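Colleague: Can you read through this structure? Questions will come right after.
Each value in this text was obtained by applying a stated rule to the coordinates, not by laboratory testing. Only a predicted model underlies this, so the values are computations on that prediction, with no experimental measurement involved. When we count neighbours, we look across all protein chains shown, and the Cβ atoms used for this are built from the backbone with ideal geometry, even at glycine.
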Amino acid sequence: MNSTPGTVSKILNYSCVDGPGNRLVVFLQGCNFNCQACHNPHTIGQCNHCGDCIPACHVDALSMVDGRVVFDPEHCDQCDACLDACPIDANPMVSDHTVADILALLHKHKPFLNGITVSGGEPTQQLKFVIDLFAAIKAAPELQEITCFIDSNGHLGASGWEKLLPVTDGVMLDIKAFSQQLHGAMTGKSNHRSLRSAQILRAAGKLHEIRFLLVPGKTDTDEELNQLAEFLGELGDDVQLRLNAFQHHGVRDAARQWEKMSEEGVSLAAERLRAAGISNVVTPAVYV
């Protein structure tokens, strides 16, 4: 099967929190946002083979060969010290996977799976791989019950969605903030494309849910919640909204000093949104 390999940060054979049912999840490396609140910051950058991670590896799973960092998974004990040592939020443990590799995993675990979710990083950064993968799944008669979902920040343009949506069953779309100033401060990018993506996905019947991260004093304000309710009302108040609570797991730098979002704070936001007519609001089952 001829296809550009995908640069993969991690694969979960089973997950019940990355879309409907039990799913195989492929986390692709690289993101076009630089979110302060990202809990997987090591999926943002691409390794530049500087070698700073090698001394941090106490089991010699990393080495420098011909000017490139080489990872040996047989020696790795998953301590993740190399991730902490990386100065550019990259992952030296990435691996290239072909479409055939992922299909083999789907066949192996198919009795236990409802679908596959491609996440990241930002999966649409590797658009050709995702399209080829989903097209191959749709073409395999024995995988017809496997649904293909994407977890995205929505920064893909309309022409990209036009290519991707015919082989995609659903998209879980993150909207980080509505204020342009706040969105820029939190991600390094404008939110114009993300908001437009929500409209495109809704019109195509592929918007599985909007995800919104509640950060105390930032995205839980009256202004942000009012704009969220207004935007969802325009999309259709039956759109599923998943509220996530900011926690400190994995975050870097200044975000470590941000206040964590409490269960009470999420409940207040959810009540306010429901009162505004947004009926399909999902809140976290666990707060850590």
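Colleague: Specify, per residue and in Å³, the volume enclosed by the convex hull of the alpha carbon atoms belonging to region 149-288.
Modeller: 111 Å³
Colleague: How far is helix 127-139 tilted off the main Cα axis of the chain, in degrees rounded to 10, range 0 to 90?
Modeller: 90 degrees
Colleague: Going by alpha carbons, how many degrees (0 to 90, nearest 10) lie between the helix axis of 263-275 and the longest principal axis of the chain?
Modeller: 50 degrees
Colleague: Where the centroid of each part is defined by its Cα atoms, how far is region 37-100 from region 214-272 in Å?
Modeller: So the two Cα centres are separated by 32 Å.
Colleague: Of the listed peptides 77-89, 151-163, what is their order by residue-averaged count of other C-beta atoms within 10 Å, with the highest listed first?
Modeller: Order by mean packing, descending: 151-163, 77-89.
Colleague: Restricting the count to DSSP beta bridges whose residues both fall in the chain, what percent are antiparallel, rounded to a multiple of 5?
Modeller: Roughly 35 percent of the DSSP beta bridges within the chain come out antiparallel.
Colleague: Expressed as an acute angle from 0 to 90° and rounded to the nearest 10, what is the orientation of the C-alpha long axis of helix 192-204 relative to the principal long axis of the chain?
Modeller: For helix 192-204, the angle is close to 80 degrees.
Colleague: Could you work out the helix-only [θ] at 222 nm for the chain, with each DSSP H run of four or more residues adding -39,500 (n - 2.57) and the total divided by the number of residues, to the nearest 500 deg cm²/dmol?
Modeller: About -8500 deg cm²/dmol.
Colleague: Can you compute the radius of gyration and Dmax for the chain, using only the Cα atoms, both in Å?
Modeller: 19.4, 61
Colleague: Another question, if that's okay. Once you have the Kirkwood Rh of region 34-130 from its Cα pairs, apply Stokes-Einstein at 37 °C and 0.692 mPa s and quote D in µm²/s.
Modeller: The Stokes-Einstein estimate is 215 µm²/s.
Colleague: Please list, or write none, the lysines whose alpha carbon is within less than 26 Å of the alpha carbon of Lys108, excluding same-chain residues fewer than 8 places away.
Modeller: The reachable lysines, counting only those whose Cα sits under 26 Å from Lys108, are Lys10, Lys128, Lys138.
Colleague: If you place +1 on the Cβ of every Lys and Arg, -1 on the Cβ of every Asp and Glu, and leave all else neutral, what size is the dipole of the chain about its Cα centre, to the nearest 20 Debye?
Modeller: Its charge dipole is roughly 580 debye.
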